[in-house]
1. FRET efficiency for residue 71 and residue 2, Cβ-Cβ distance as r, R0 = 41 Å, nearest 0.05?
2. Using per-residue counts of other Cβ atoms within 10 Å, averaged over each peptide, order 4-16, 26-38 from highest down.
């Protein structure tokens, strides 16, 4: 994929094809809020997408907002790779991974683990 927008669109399409209620979050007044929100079987997952070249980084406001979400025990996953996204989504659908607890800005890309 060439850019973050293309990665995000492909991931949203995949999630929706799996029956997940997936939405791009448009919050101009709240720049630090994650890009997308996903719902399935009463569960919720927030994802921030970053450029697939591995060079995308969280802005200071994103770090702050993701930290605020962590304070209320909500994890924001930061995704840079389509294949890793599909693995995460499979776990989300099949309830095999902890989704709501973890660190703010949890990277699920081997370059950040």
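1. Calculated transfer efficiency: 0.70.
2. On the way: 4-16: 17.2, 26-38: 14.5.
Order by mean packing, descending: 4-16, 26-38.
Read the figures in this text as sums done on the coordinates, not as results from a lab. As the structure is a prediction and not an experimental result, all values here were calculated from the model. Glycine also receives a Cβ, built like all others from the backbone with ideal geometry; neighbour counts cover every protein chain displayed.
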